[in-house]
Amino acid sequence: MQRTFLLIAFAVIVVICAVGTVLSSASSAEFTIKIAFLGSPEDEDYDGSLVLKDYVESRTNGRVAIKIFPSGQFCGNERECIEGLQSGILEIHMTTIGGLGNLFGPGQVLDLPYVFRDDRIAECVLDGPIVDQLRSAVLRADLRMRLMTISNTGGWRNFATTNKEIRAPQDLKGQKIRTTPAPIQQELVKALGGNPTPIAWSEVYTALATGVVEGTKNGIQDIVGMKFHEHIKYITLDGHAYMGALWWFSESAWQTLPPDIRRVIFDGFQHLKTVTRALPMRRQISSYEEFKRAGGTIYMPTADEKIQFQKATAGLRTWFADTYGTEWLDKLDTAVRACEADIDRAFDVADRQPGR
C-alpha cells in the first residue's frame, strides 16, 4: 500500500513538473501567438496548426509560443473571430473563400463554379501571383488582415441531398440548399433552380434533420465529420468549387514582430499548407466508405452531365462582372490558363521520353 502511494505521488509530481515546464516556457516567450478556428481537432486545420506551432517554436528557440484554440474555444463564430483578428487580440484565423467574400466581395472570384479542372490546377493557381494580388488588395482595403497562404479545408464542394439524387441541373429545381451568406454561393444555387438558404454552420445538422433544408454543398469530410450523413443520403461529385482555406495574420500584430520572426512564421505557413492540402485527400477515402456504410449513394456525373452543370452556371461570370467588375475575372482567367499550359506541357515532356 505504501509503495503504491509513493508511486502515485511520484507520478503526480512528474505531471506537475511537466505542466509547470510548459507553462513556464510559454510565459517566458517574447511573443505569444494564438490560432483560433471553428473546426474540431479532427480537422486538417488543427493538424496544420500543430505543424506551424512546432516549426515556429523550434526555430525561434523559445522566443515564440503558439497556442491553438479549435472548436470555437477562443471565438464562438466567424464574426467574432474576424473582429478579434482585426483588433489584434487574435493573431491567426482561417476563413473559407465565402468567409472572405463577406468582407471583400471580389475575393469570391475563387468560388466561381467549375473553374478548376482538378486539384493540381487549383493549387497551382493558389500558389501563384493571385495570392500576392489578393493580399495587397485586402491590405489596401484596410481590413487589417494579412493573407499568409491558401490551403484546403475539406476537398471539393459537392451537392449533397436528403431525398433526391442530383444527376442534372434540373434535379436541383425547387430544392432548399444550405449555403453560406456569401452572395456567389447563393447565386450558384439560384442559377441551378434551387432555393439557397443561408444557415450558420453550427445549425446545419438541425436544419437537415427538420427539413428546413434538403441539402448542402460541402466536402465529404465535413459531411461525415459533422454527422450530416445521418440525414444526407445522396452525394453528387460535381466538384463545383475547391474548398480553399485562407489563413490570415492580424496586421497590427504582424507589425509588432521583428523581421526574423516574421520570416520564420511565413515559412511555417508553407509547411501548414502542405499538410492541410494532403490530409483531405487521404481522409476522404475513409469518409466515403463511412458514408456508403450508412446507406448513402455516391454519383459521379458523366462528362456530358458535367458540361450541363457548367452551361447552367455560366451566367455567374456575368453576375460577377456586373457586381465587381472584370479585373479579378481577368486575373483568374490568366492564372488558370498559365497553370493548365504548364501542367499539360510537363506531361507532354514526360510522355515523350523514350522507353527501352
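With respect to G72, determine if the residue is surrounded by 24 or more Cβ atoms within 10 Å (Cβ to Cβ) and either touching a Gly at 6+ places or on another chain (Cβ under 9 Å) or within 27 Å of E203 (Cα to Cα) (or both). Outline the logic, then answer.
Numbers: surrounded by 24 or more Cβ atoms within 10 Å (Cβ to Cβ): no; either touching a Gly at 6+ places or on another chain (Cβ under 9 Å) or within 27 Å of E203 (Cα to Cα) (or both): yes.
No; evaluated as a whole, the condition is false for this residue.
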If we scan region 31-50, do we find a residue that is part of a helix (DSSP H, G or I), surrounded by fewer than 19 Cβ atoms within 10 Å (Cβ to Cβ) and modelled with pLDDT under 95?
no
Note: among Q175, Q221, just one is in contact (Cβ under 8 Å) with a residue 40 or more places away in the chain and in contact with a Ser or Thr (Cβ under 6 Å, 6 or more places away or on another chain), namely Q221
Output yes when any residue across region 96-112 is surrounded by fewer than 19 Cβ atoms within 10 Å (Cβ to Cβ) and closer than 22 Å to D267 by Cα, and no when none is.
no
Taking D260 and the conditions (1) in contact with a strand residue (DSSP E or B) (Cβ under 9 Å, 6 or more places away or on another chain); (2) closer than 14 Å to F31 by Cα, which numbered condition does it fall short on, given that it satisfies the others?
(1)
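One line per residue, one yes/no per condition, for (1) of a type in the set (G, A, S); (2) assigned to a loop (DSSP other than H, G, I, E, B); (3) within 27 Å of G193 (Cβ to Cβ); (4) free of Cβ contacts under 8 Å to residues at least 12 places away in the same chain:
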{"position": "A65", "(1), (2), (3), (4)": "yes, no, no, no"}
{"position": "G98", "(1), (2), (3), (4)": "yes, no, yes, no"}
{"position": "Q108", "(1), (2), (3), (4)": "no, no, yes, no"}
{"position": "R120", "(1), (2), (3), (4)": "no, no, no, no"}
{"position": "I130", "(1), (2), (3), (4)": "no, no, no, no"}
{"position": "Q133", "(1), (2), (3), (4)": "no, no, no, no"}
{"position": "L143", "(1), (2), (3), (4)": "no, yes, no, no"}
{"position": "G154", "(1), (2), (3), (4)": "yes, no, yes, no"}
{"position": "D171", "(1), (2), (3), (4)": "no, no, yes, yes"}
When D238 is run through (1) of a type in the set (D, E); (2) under 29 Å from M148 (Cβ atoms); (3) in contact with a helix residue (DSSP H, G or I) (Cβ under 7 Å, 6 or more places away or on another chain), the failure sits at (2)
Hey, G128 among the small types (G, A, S) and within 20 Å of E340 (Cα to Cα) or not:
yes
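Considering region 175-232 alone, what residues qualify as being of a type in the set (V, I, T) and in a strand (DSSP E or B)?
First, the residues of region 175-232 that are of a type in the set (V, I, T): 177, 179-180, 184, 189, 197, 199, 204, 206, 210, 212-213, 216, 220, 223-224, 232.
Answer for region 175-232, where residues must be of a type in the set (V, I, T) and in a strand (DSSP E or B): I177, T179, T197, T216.
Going by what's in this entry, would E230 be described as more than 17 Å from G101 (Cα to Cα), surrounded by fewer than 23 Cβ atoms within 10 Å (Cβ to Cβ), more than 18 Å from the chain's Cα centre (by Cα) and modelled with pLDDT under 95? Walk me through it before giving the result.
Working: more than 17 Å from G101 (Cα to Cα): yes; surrounded by fewer than 23 Cβ atoms within 10 Å (Cβ to Cβ): yes; more than 18 Å from the chain's Cα centre (by Cα): yes; modelled with pLDDT under 95: no.
Judged against the criteria, E230 is not a match.
Against the definition (among the acidic types (D, E) and assigned to a strand (DSSP E or B)), how does D238 come out, yes or no?
Working: among the acidic types (D, E): yes; assigned to a strand (DSSP E or B): yes.
So D238 fits the description; yes.
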Positions within region 321-345 being in a helix (DSSP H, G or I) and either more than 21 Å from D127 (Cα to Cα) or at pLDDT below 95 (or both), in sequence order
A321, D322, T323, Y324
Would you be able to tell me the number of residues in region 288-304 that are within 19 Å of M226 (Cβ to Cβ) and without any contact (Cβ under 8 Å) to a residue 60 or more places away in the chain?
3
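For every residue, the table says whether it meets (1) over 26 Å from I121 (Cα atoms); (2) more than 20 Å from the chain's Cα centre (by Cα).
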{"residue": "N158", "(1), (2)": "no, no"}
{"residue": "L172", "(1), (2)": "yes, yes"}
{"residue": "E187", "(1), (2)": "no, yes"}
{"residue": "G211", "(1), (2)": "yes, yes"}
{"residue": "Y242", "(1), (2)": "no, no"}
Number of positions in region 315-356 that are loosely packed, with under 12 Cβ neighbours inside 10 Å and closer than 21 Å to G101 by Cβ
3
Inspect region 289-305 for any residue being more than 23 Å from G219 (Cβ to Cβ) and exposed (fewer than 14 other Cβ atoms within 10 Å of the Cβ) and give the result as yes or no.
yes
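Restrict the check to region 307-318 and report whether at least one residue is of a type outside the set (G, A, S) and over 29 Å from K233 (Cα atoms). Lay out the reasoning, then the answer.
Quick first cut of region 307-318, residues of a type outside the set (G, A, S) only: 307-311, 313, 316-318.
If we keep only those that are over 29 Å from K233 (Cα atoms) too, we end up with 317-318.
The answer is yes, given that some residue of region 307-318 is of a type outside the set (G, A, S) and over 29 Å from K233 (Cα atoms).
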Can you pull out every residue in region 158-214 that is out of contact with any Leu (no Cβ under 9 Å at 6 or more places or on another chain), closer than 18 Å to L110 by Cα and either β-branched (V, I, T) or surrounded by fewer than 22 Cβ atoms within 10 Å (Cβ to Cβ) (or both)?
T180, P181, P183, Q186
Which condition breaks for T161 when tested against (1) closer than 22 Å to G295 by Cα; (2) without any contact (Cβ under 8 Å) to a residue 60 or more places away in the chain; (3) touching a strand residue (DSSP E or B) at 6+ places or on another chain (Cβ under 9 Å); (4) among the β-branched types (V, I, T)?
(2)
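Being among the β-branched types (V, I, T) and over 30 Å from Q175 (Cα atoms) is the filter; apply it to region 135-156 and report the residue that is nearest to the chain's Cα centre (by Cα).
To start, the set of residues in region 135-156 that are among the β-branched types (V, I, T) comprises 138, 149-150, 153.
After this cut, where a residue has to be over 30 Å from Q175 (Cα atoms) as well, the list is 138, 149-150.
On the way: V138: 18, T149: 11, I150: 8 Å.
Looking at residues that are among the β-branched types (V, I, T) and over 30 Å from Q175 (Cα atoms), I get I150.
The values are calculated or read from the model by the stated rules, or taken from the named source; none is laboratory data. As the structure is a prediction and not an experimental result, all values here were calculated from the model. So basically every Cβ, Gly included, is an ideal-geometry build from the backbone, and we count neighbours across all protein chains shown.
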